[in-house]
Amino acid sequence: MKSGTIVYVVAHSKPVTVGTATVSADGSVTLTAPLPTTLEPGGHHLLVSGTLANGQRFVQDRPFTVTADHKLGAVGAIPKGILATLPVYHASQHVAATLAAATAAVGAVGAIGVALGSGAMGGAAGGGGGGAAVRRSGAAGSVVAAGGAGGGPDTSGLVGVETDRSGDFAHSPDSGDRSRTWRWPFTGVVDHWSATWPAVIARWSPMLGRVAVDGDYLRAMFGSLWTILLIPALVLGIAAAHSTGGAAVPPEVPYFVSILALSVLDSLVGFTAAIAFFAYVALAGGIQNGACVRELMAMALVWFSLPLGAAAARPLRRHLHLHIDGVWERGADFVIGGLFAAWIILQMSGALSGLIGFATPISNDTYTLAGWAMVFVALRIVLETVVVHEYPGRLYRVGCKDDFEPARFQPLMSQAFSIVVFVFFAIPYMGNTWALYLGTLVCFSPIVLERLAHE
C-alpha cells in the first residue's frame with residue numbers, strides 16, 4: 001500500500017465509519033477498533049478501502065454477523081434468516097458439550113433406525129422387557145413377557161419398544177364404558193383404524209406402528225373426539241416454524257413445550273406436529289444444507305419419541321393396586337419414567353447446537369424443558385391409570401390385537417438406512433474422513449452379516 005495514505009474501515013448496511021489508519025513507511029497498516037453498538041442484529045459487511053502503491057484504489061469486503069445480544073457472530077459468510085443472529089457454535093470451544101452432543105446424536109441415530117423398524121435395534125432399545133421377548137396379549141393392546149432374562153430377545157417380531165403395556169387387563173365394562181365421553185359420530189371408524197392399522201403399518205415400520213397405537217387410551221376415553229388433537233398439532237407445528245422465520249432451528253420455549261405436551265399425550269400427535277414443522281421449513285427454503293436436515297430430524301425425534309422412551313424405562317399403563325407394593329410400584333413409574341424422559345430431553349436439546357453449528361437459544365433452557373417433560377409424563381401416567389380402571393372395555397375394543405410382524409427384508413433395509421443416518425449424524429463431530437467410514441464398517445459389519453444369515 002502507498003505510504004502516508006489513509007485506509008478507511010466502514011461497516012454497512014447503513015455506512016458507519018469504524019475507524020481510519022495511516023499507511024506506514026513499509027506499506028503496512030494496522031487498525032484495532034470496536035464495532036459500532038448501533039449495528040442491528042443480522043448480516044453486515046466491513047468495507048476496507050485505500051490506495052495501493054501504484055496509485056490504484058482498492059476495496060475489500062468482509063461479511064460478518066451481529067448476534068441478537070449484539071456480539072460478533074459468523075465472520076466470512078452471512079447465513080440466511082434467523083441463523084444470522086445466532087452465535088457460531090465452535091465444537092473446540094465447547095469440548096464437554098460437544099462430547100455430550102455426540103453421544104446424544106448417536107442415540108438419535110439409533111432411535112431413528114428403530115423408527116424404520118430394525119428388529120435388532122428395537123430389541124436393544126427396549127428397557128422394560130428385561131431382555132425377554134415380548135408379544136402382544138389379546139387384552140387392551142397390552143404386552144406380556146415371554147422367556148426369562150437369561151434368554152436373548154426374539155427379533156422375529158417387535159421387541160422392546162412395546163414394553164410400556166405391562167400385564168393383562170380385564171376388559172369387562174366399567175363406569176367409563178357406559179359414559180358418553182366416547183359416544184361421538186364416526187367413533188366406530190376410529191375404533192376400527194385403532195385396532196387394525198398399527199399392525200399394518202408395523203409391517204414396514206414397527207416403530208411407526210408403535211407410534212400409531214400410542215394414543216389408544218385417548219381413543220378409548222374420547223372416541224372420535226380424539227382426532228381434534230391433530231388440529232392443534234398442525235397449528236402448533238406451523239406456528240412454531242413461522243416463529244423461526246422458516247429456519248431449521250428450534251422454536252421458542254413456549255412452542256417447544258406445547259408440542260412436547262401433545263407428544264407425551266400421544267406420540268402420533270407429536271409426530272403430526274413435527275411433520276407440519278418440517279414441511280413449513282422446507283417450503284420456506286429453510287433447508288440450506290445437511291446441518292439443517294440433521295437439526296430437523298433431531299427435533300422431530302424429540303417431539304414424537306418421548307413417551308416411547310419413558311415407556312422403555314417404566315410402564316405407563318398399569319393397574320393401581322391399593323396396597324403398599326402396588327402404590328410403591330406405581331410411584332416408581334412416576335419417578336423413573338419421568339426422570340428418564342427428562343434425561344432424553346437434556347441429551348437431545350443439548351445436541352441441537354452442535355448439529356446446526358449455531359448456539360440455539362433453547363440450549364439455555366434445557367432444564368426447563370426437562371422439568372416440563374417430567375410433568376407431562378406424570379399426567380400421562382395418571383390418564384393411563386384412569387382409563388385402565390374406568391374404560392377397560394373400550395380399551396380392549398380400540399387396542400391392536402395383531403402381532404407386529406415386519407415384512408421380509410424390512411429389518412435389513414432398516415439396518416442399511418440406520419447406517420447411512422449414523423454416518424450422516426457423525427460427520428459434524430468426526431469429519432468426513434476415512435476413519436469415520438472404516439469405523440462404521442467395523443462396527444456394523446457383524447450386525448449386517450447376522451441379519452443376512454437370518455433372511
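Evaluate the distance, in nm, between pseudo-label points positioned 7 Å from the Cα of L322 and of K14 along their respective Cα→Cβ axes.
7.0 nm
Once the dipole of segment 245-400 is set up with Lys and Arg at +1 and Asp and Glu at -1 on Cβ about the Cα centre, which of A342, I287, L265 lies farthest towards its positive end?
L265
S3 accessible area, nearest 10 Å², 1.4 Å probe?
The accessible area of S3 comes to roughly 70 Å².
Where nothing but the Cβ of Lys and Arg (+1) and of Asp and Glu (-1) is charged, how large is the charge dipole of segment 240-337 around its Cα centre, in debye to the nearest 20?
With only Lys, Arg, Asp and Glu charged at Cβ, the dipole is about 120 debye.
What three numbers, in Å, describe the spread of the alpha carbons of segment 182-313 along their principal axes, ordered from the longest?
That works out to 44, 28, 28 Å along the principal axes.
Run a plain Debye calculation on segment 391-455 (Cα atoms as equal point scatterers, no solvent) and give log10 I(q)/I(0) at q = 0.27 Å⁻¹, rounded to two decimals, same order as the q list.
Log-scaled intensity ratios, in q order: -1.13.
In segment 377-455, which trypsin sites (Lys or Arg not before Pro) are in a loop and have at most 10 other Cβ atoms within 10 Å, using DSSP for the loop call?
Within segment 377-455, the qualifying trypsin sites (Lys or Arg not before Pro) (loop, at most 10 other Cβ atoms within 10 Å) are R408.
Each label point is 7 Å from the Cα along the Cα-to-Cβ direction; what then is the distance between the points at V59 and L72, in nm?
2.3 nm
Would you mind calculating the gained length between N289 and D402 on full extension (0.36 nm times residue separation, minus the Cα-Cα distance), in nm to one decimal?
36.6 nm
What figure, in Å² to the nearest 10, do you get for the accessible area of K71 with a 1.4 Å probe and non-protein molecules left out?
For K71, the solvent-accessible surface is approximately 130 Å².
With +1 on each Lys and Arg Cβ and -1 on each Asp and Glu Cβ, how big is the dipole of segment 373-455 about its Cα centre, in debye rounded to the nearest 20?
Magnitude of the dipole: close to 160 debye.
If each of V253 and T196 carries a label point 7 Å out from its Cα toward its Cβ, how far apart are those two points in nm?
Here the modelled spin labels are 4.7 nm apart.
Between L230 and S179, what is 0.36 nm times their sequence separation minus the Cα-Cα distance? Round to one decimal in nm.
So the extension gain works out to 16.0 nm.
Ratio of Rg to Rh for segment 267-422, alpha carbon only, Kirkwood?
Across segment 267-422, the Cα-based Rg/Rh ratio is 1.03.
Hey, for a label at V375 modelled as a point 7 Å past Cα toward Cβ, could you say which residues of segment 241-281 have their backbone N under 12 Å away?
So the set is 254, 257-258, 261.
The values are calculated or read from the model by the stated rules, or taken from the named source; none is laboratory data. Since the structure is predicted, the reported quantities are computational estimates derived from the model, not experimental observations. Ideal geometry is used to build each Cβ from the backbone, glycine not excepted, and the neighbour counts take in all protein chains shown. Surface accessibility is based on the protein's heavy atoms, side chains included, excluding ligands, DNA and RNA. Shrake-Rupley method; radii C 1.70, N 1.55, O 1.52, S 1.80 Å.
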